[in-house]
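Below: one structure, written as structure tokens.
The values are calculated or read from the model by the stated rules, or taken from the named source; none is laboratory data. Since the structure is predicted, the reported quantities are computational estimates derived from the model, not experimental observations. Cβ: placed from backbone, ideal geometry, glycine included. Neighbour counts: every protein chain shown.
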Number of protein chains: 2
Amino acid sequence: MIQHGRAARATIAFVTAVALPLAAASADEGMWTFDAFPTAKMKAEYGWAPDQAWLDRARLATVRLTGGCSASFVSSSGLILTNQHCVAECLSDLSSPGNDLLAKGYVAASRTEEKQCPGQQAEIVTAIKDVTPEVKAGIGNATGEAAVKARTAAIATIEKAACPDTATTRCQVVTLYGGGQYKLYTYRKYSDVRIVWAPEDAASKFGGDPDNYNFPRYALDGSFLRAYENGRPVATPQHLKWTGREPVDGELVFVVGNPGSTQRMLTMSQFAYQREVNLPVTLAIQSELRGRLIEAIGDDAERRRQGNDTLYGIENNLKRTIGRVKALNDPAFYAGLAAREGELKAKTAGNAAIGNPWTDVDKAMVALRTIDTQRRFSQPDGELIDYALTLVRAAQERSKPNAERLPGYSDSALPLLQKQLLDPKPIAPWLEELTMRWSLSKAREYLGADHAQTKLLLGRESPEELANRLVAGTKLADPAVRKALWDGGEAAINASTDPMIVYARAIEANDRRLQKIYDEQVEGPLTSARSKLADARFAAYGDSVYPDATFSLRITYGKVGGWMENGAKVPHRTIFAGAFDRATGAEPFALAPAFLANKAKLDLKGAMDMVYATDTIGGNSGSPIIDRNLNVIGANFDRNIHGLRNDYAYDMTMARSVGTTTAAIEQALKVIYPAPALLAELKAK
Amino acid sequence: MIQHGRAARATIAFVTAVALPLAAASADEGMWTFDAFPTAKMKAEYGWAPDQAWLDRARLATVRLTGGCSASFVSSSGLILTNQHCVAECLSDLSSPGNDLLAKGYVAASRTEEKQCPGQQAEIVTAIKDVTPEVKAGIGNATGEAAVKARTAAIATIEKAACPDTATTRCQVVTLYGGGQYKLYTYRKYSDVRIVWAPEDAASKFGGDPDNYNFPRYALDGSFLRAYENGRPVATPQHLKWTGREPVDGELVFVVGNPGSTQRMLTMSQFAYQREVNLPVTLAIQSELRGRLIEAIGDDAERRRQGNDTLYGIENNLKRTIGRVKALNDPAFYAGLAAREGELKAKTAGNAAIGNPWTDVDKAMVALRTIDTQRRFSQPDGELIDYALTLVRAAQERSKPNAERLPGYSDSALPLLQKQLLDPKPIAPWLEELTMRWSLSKAREYLGADHAQTKLLLGRESPEELANRLVAGTKLADPAVRKALWDGGEAAINASTDPMIVYARAIEANDRRLQKIYDEQVEGPLTSARSKLADARFAAYGDSVYPDATFSLRITYGKVGGWMENGAKVPHRTIFAGAFDRATGAEPFALAPAFLANKAKLDLKGAMDMVYATDTIGGNSGSPIIDRNLNVIGANFDRNIHGLRNDYAYDMTMARSVGTTTAAIEQALKVIYPAPALLAELKAK
């Protein structure tokens, strides 16, 4: 779920806007919202389903981390369980030359050593309200760009009115079914989140990229954070109960969290666009970036400290992209998508209220094929240019009334934006230059050297020269400089001679122009079409339909257990001994030093990682794995390789979610990375 | 056409084995063999066609360069015109620290300064003989692996018998129509080829990767070599006539040379295999390699000297791959391929002798999908491991009778193999390590960490450790060491403790095993099916069918002229002034120093590059562009972006070949890189 920069994000931005399930959910499929839990369906399958009190408790114990992960409260003092890979960026940010906290891991000896994670915020859903009528009324009969603007205005207005206290609450209108529903989610937010405990990176990432999305797996991908407010740990009586017990093959579990995005409701012309145009470009440019970063890091320890987490994110995204390429290039799978679309069309044929939204989508895809390369490469990639563009845009947007701003700059969005912009965070100039020159050279490659946008982006400089000049010259790595520009508003931005700001000013208008075209020709028509497609699904399948993932709170359930692979059953969990068996001593199969040092003290038969048949995707990282008694028995961190198709359709046969067991984390807390106070806190009644 | 290592080669190796045109050639389409020139067709179109004397002269003046290019004799003293990019590897090999001949260009002040190019050999076709009956008789009723072995044996036997003098001749049975025809090509060969003249790399590659496969273009991609024998320039009275005249819009030209491979006759299940499986992998891994190499070179001048030509080759291949991905993902183009297959099926329906070879190909593709990842990643990539595997295999094969050896190790193939193995050639250890660790990590990624072949390739080492150990420890960079192992045969190989030889011995058997499976399940069945598909085409379209490219001698013709792009006509040639207009001063749009220094002396209105509607592909690089009077007016070096589809089907509407004019080369010889003696030699009557 770690996203790096604009070029990598373009796909995601596109797909999250388009969301409906393929057909009625079967078996344990489904990423359900908390206001539409399929109680009857689950009772029919399991003879039991959680009641409202259970659901409320699970909801209030589950945390969204704005860095892109999920998590849960596991003590009454704001202690948060998540994955190590969800705190890796924080560990990297808190490191310094010669002090690589990501590599070494982190155990806060006391609460005073718990350190704040830059940009991180914890959010808990406290209320869900249907605002579909208000938003749809706001859109009215508008079409194209006007419809997009009207929707943005309606959402900004609703969010602002609902959360007058922006210090402790956040309001967000969540678009579900691609615009079939709009729900107002109110969050209790904690914007001071601190790192408490994390294993060595070699323990959490054991097996590295080769083992990523694979199982059997031996990754200790757990960590703890703590939510603070006014300098003190927050009281969280609604936490989940911690247990170090091992998972039982076949037992029922729930995974609660914020799956990032799925694309199960795309029409065939959208799948075709992805397969034929979008994914091949993503595959090529992400692969090149991966190669660039691998060699730029090489065996330089300092660059490794600064760049390893970024590389991990790129490789993680790339593997997901490869899985999507494979899925859409599997003729049987693709035919299955077509058959489901055919079924929906057949079930709703003649329904005049629905009409034929598929042809509207087809037209929008024709427009998208024309404009998408320009959108993908409208700006270079990098933290510093992101700061600069955010500052330039925010200055312009903040001078407008709330309802007239671009999405992301409304009053309800500004507090988090400001936090992420102004929190101190180290910048590695070599990495900034690398991502900038890479993205600029890809822009030139895909647009062509003679395209007006290429000339706008590069002028007469090479990608290397431009990246070097901007990164070497800018002062935006200093949070005080960013704060002065933020506080100074448009006047300060216009007066700035910082080369990155000057550059951002020069390219920003083109981005707005492209967005306007996109909204008029693509997003506007799609908004209308998706709303009709949602109506078609409700008409055909009733409330058995769940919305596509949108990094909003969901619950999914299923049984602990492996699958059949090449005629053999994959076990439901791995044990510590397996890690020692798998270790070769060579990266990424070198065991973490603390594992080797403490082998004799470990229960080698103790559970490590587990698999279970729930419907998860990136963004669910760190989600609690909850048993029916509201005990947390693990932290979800991955899917198996078959689960890479979850983006497009969920197939229970072989797809599994992967988590680190609380049993493994307990062993680590006791023996490998000892933290007795933490253990006592977890075990407190 | 520059191929780097096994992983990059896998696609090509597969496709060159599969060759037939799509349907009857239309308009100027066609890569014709010299024994089947379409005289009647051309006369109908142009009212004129070359006679046999013309064709003989063109054939005898055209050179195949074993490095992967084409060329032509342009003086009576063995002077050879080709592209600069065809001698770039030679220039790189002849460079030394601080003396970058590729960057500086090379002008031999006298013949004593003409330096031998490692591994390079010039070959001229002196005879073509049909040996189809002999080869087919050799195959008989054999199937599967036995059929492949029988064919290999028949070819080895024919080649050996036909060329007893292996010092000056080479015999090669060329497989045409994928096995529909077998032709014995006899070559006069010159294995001492020396560099005479080449521009600065910045002049030949002006515009770099952004401008590659694009036009208007301003690349001075010409160079001269000279063929030597017994230490003296060879007499070549059959040379083409040099002219410095400019090309005329609309005039008829011929391009003669050795197109490397096309895939116009693949069946739909083969196209599907490429689109769905093969090309996405190639796209991802080539892109990663590109990124690795870009950053490993960075701004290190010495690494640039050693690695730039390799990078150029990778980027050139990658752009071609991207073009193929786009072509096969264009629904209209793909439907066109299907329609042509449907037409052929319809035309031959009920022909019992042909039967249904398409279903045989389908079955072979199912088998290929199972085995191809293992084949692609059966060995690491690199010059040193290639040396080692060649030495190990050659020792084994040379101990067998000629007819029982693997292809490539027959008596007729050994002289060139030996030359390429033993010619002195610098090795850059950092580049060797890079390509090895990249290819080993890709093997692990695509096979999986637990695959037996991954374990065979890596043992318990990481890709980085293994590559470092082998490259640091081997002595194979020393040609004397290679010669000793070659001369010592199996005993020397088995006794060697050189780590690269030890490693090659360990992995070689697996490669043979895979080849055996491939021959049994894929190549054997395809050989039979392709022969029937060839019969089907002959039955349907008669002799209007030309064979797919196989890096054997072909002739193609068409008119000089641009095409319509976005409503405007692209001019038929560029002029020197355009290069100065396009230059920004920043790489790769920085003009070569000698261009800048001599601008005042140049005729800026003089022609530079040209376009013409001939049917060419990689391997045609360096091919002479010949007018109807046997004057050479340019050196072919590229296609335009629309020509990237030439792999699968030729469409005259927008596809064009791109060449450097002799007019431009003459200006360079006079003013930019002065070589008066060379100019006099070219102008001699």
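What the table below lists for this structure:
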{"read-out": "Residue match in the range B:402-416 (condition: basic (Lys, Arg), modelled with pLDDT of 95 or more and under 27 Å from the mean Cα position of the chain (by Cα))", "value": "yes"}
{"read-out": "Output for the range B:365-389, where each listed residue is of a type in the set (Val, Ile, Thr) and surrounded by fewer than 21 Cβ atoms within 10 Å (Cβ to Cβ)", "value": "B:Val366, B:Thr370, B:Ile371, B:Thr373"}
{"read-out": "Hits in the range A:549-597 (condition: touching a residue at least 60 places away in the same chain (Cβ under 8 Å), over 20 Å from A:Arg217 (Cα atoms) and out of contact with any strand residue (DSSP E or B) (no Cβ under 8 Å at 6 or more places or on another chain))", "value": "A:Ala549"}
{"read-out": "Residue ID - surrounded by the fewest Cβ atoms within 10 Å (Cβ to Cβ), chosen from residues in the range A:154-182 that are part of a helix (DSSP H, G or I) and within 25 Å of the chain's Cα centre (by Cα)", "value": "A:Lys160"}
{"read-out": "Residues satisfying the stated conditions in the range B:617-664, i.e. charged (D, E, K, R) and either farther than 24 Å from B:Glu315 by Cβ or in contact with a strand residue (DSSP E or B) (Cβ under 7 Å, 6 or more places away or on another chain) (or both)", "value": "B:Asp627, B:Arg628, B:Asp638, B:Arg639, B:Asp651, B:Arg656"}
{"read-out": "Check on A:Arg393, basic (Lys, Arg), within 14 Å of chain B (Cβ to nearest Cβ) and part of a helix (DSSP H, G or I)", "value": "no"}
{"read-out": "All strands (runs of 3 or more DSSP E) inside the range B:55-147 with 3 or more residues being touching a Lys or Arg at 6+ places or on another chain (Cβ under 9 Å)", "value": "B:122-130"}
{"read-out": "Search result, residues across the range B:506-540 that are under 17 Å from B:Leu368 (Cα atoms), surrounded by 22 or more Cβ atoms within 10 Å (Cβ to Cβ) and either in contact with a Ser or Thr (Cβ under 7 Å, 6 or more places away or on another chain) or among the hydrophobic types (A, V, I, L, M, F, W, C) (or both)", "value": "B:Val522, B:Gly524, B:Leu526, B:Ala529"}
{"read-out": "Any hit, the range B:618-638, residues being in contact with a helix residue (DSSP H, G or I) (Cβ under 7 Å, 6 or more places away or on another chain) and over 26 Å from B:Gly67 (Cα atoms)", "value": "no"}
{"read-out": "Those residues of the range A:340-369 which are within 13 Å of another protein chain (Cβ to nearest Cβ) and in contact (Cβ under 8 Å) with a residue 40 or more places away in the chain, in sequence order", "value": "A:Asp362, A:Met365, A:Arg369"}
{"read-out": "Among (1) in a helix (DSSP H, G or I); (2) within 14 Å of chain B (Cβ to nearest Cβ), the one test that A:Asp386 misses", "value": "(2)"}
{"read-out": "Residue match in the range A:556-579 (condition: part of a helix (DSSP H, G or I), among the charged types (D, E, K, R) and modelled with pLDDT under 95)", "value": "no"}
{"read-out": "Criterion (within 28 Å of the chain's Cα centre (by Cα), surrounded by 19 or more Cβ atoms within 10 Å (Cβ to Cβ) and away from chain A (no Cβ under 14 Å)) met by exactly one of B:Lys419, B:Lys425, B:Lys442, B:Lys483", "value": "B:Lys425"}
{"read-out": "Test: residue in the range A:213-220 that is touching a Gly at 6+ places or on another chain (Cβ under 7 Å), surrounded by fewer than 23 Cβ atoms within 10 Å (Cβ to Cβ) and not hydroxyl-bearing (Ser, Thr, Tyr)", "value": "yes"}
{"read-out": "For B:Glu295: the one exception among (1) more than 7 Å from chain A (Cβ to nearest Cβ); (2) assigned to a helix (DSSP H, G or I)", "value": "(1)"}
{"read-out": "Hits in the range B:243-275 (condition: in contact with a strand residue (DSSP E or B) (Cβ under 8 Å, 6 or more places away or on another chain) and either β-branched (Val, Ile, Thr) or modelled with pLDDT under 95 (or both))", "value": "B:Thr243, B:Val248, B:Val253, B:Val255, B:Val256"}
{"read-out": "Residue within the range B:449-469 that is among the hydroxyl-bearing types (Ser, Thr, Tyr), facing chain A (nearest Cβ under 10 Å) and either in contact with a Leu (Cβ under 8 Å, 6 or more places away or on another chain) or closer than 23 Å to B:Ala509 by Cβ (or both) present", "value": "yes"}
{"read-out": "Failed item in (1) crowded, with 20+ Cβ neighbours inside 10 Å; (2) in contact (Cβ under 8 Å) with a residue 60 or more places away in the chain; (3) out of contact with any His (no Cβ under 8 Å at 6 or more places or on another chain); (4) closer than 27 Å to A:Gly98 by Cβ, with A:Ile297 passing the rest", "value": "(2)"}
{"read-out": "Residues being away from every other protein chain (no Cβ under 14 Å), under 20 Å from A:Thr616 (Cα atoms) and in a loop (DSSP other than H, G, I, E, B) - total across the range A:183-236", "value": "3"}
{"read-out": "Residue list for the range B:321-339, restricted to those being touching a Phe, Trp or Tyr at 6+ places or on another chain (Cβ under 8 Å) and more than 13 Å from every other protein chain (Cβ to nearest Cβ)", "value": "B:Leu337"}
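Condition check ((1) charged (D, E, K, R); (2) farther than 25 Å from A:Asp519 by Cβ; (3) in contact with a Phe, Trp or Tyr (Cβ under 9 Å, 6 or more places away or on another chain)) across all residues:
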position: A:Ile385; (1), (2), (3): no, no, yes
position: A:Glu404; (1), (2), (3): yes, no, no
position: A:Asp411; (1), (2), (3): yes, no, no
position: A:Lys419; (1), (2), (3): yes, yes, no
position: A:Leu422; (1), (2), (3): no, yes, yes
position: A:Leu431; (1), (2), (3): no, yes, no
position: A:Leu434; (1), (2), (3): no, yes, no
position: A:Arg437; (1), (2), (3): yes, yes, no
position: A:Leu440; (1), (2), (3): no, yes, yes
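Table: residues versus (1) part of a loop (DSSP other than H, G, I, E, B); (2) within 14 Å of chain B (Cβ to nearest Cβ); (3) among the β-branched types (Val, Ile, Thr).
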{"residue": "A:Val253", "(1), (2), (3)": "no, no, yes"}
{"residue": "A:Thr262", "(1), (2), (3)": "yes, no, yes"}
{"residue": "A:Ala272", "(1), (2), (3)": "no, yes, no"}
{"residue": "A:Glu276", "(1), (2), (3)": "no, yes, no"}
{"residue": "A:Thr282", "(1), (2), (3)": "no, yes, yes"}
{"residue": "A:Ile285", "(1), (2), (3)": "no, yes, yes"}
{"residue": "A:Glu288", "(1), (2), (3)": "no, yes, no"}
{"residue": "A:Arg303", "(1), (2), (3)": "no, yes, no"}
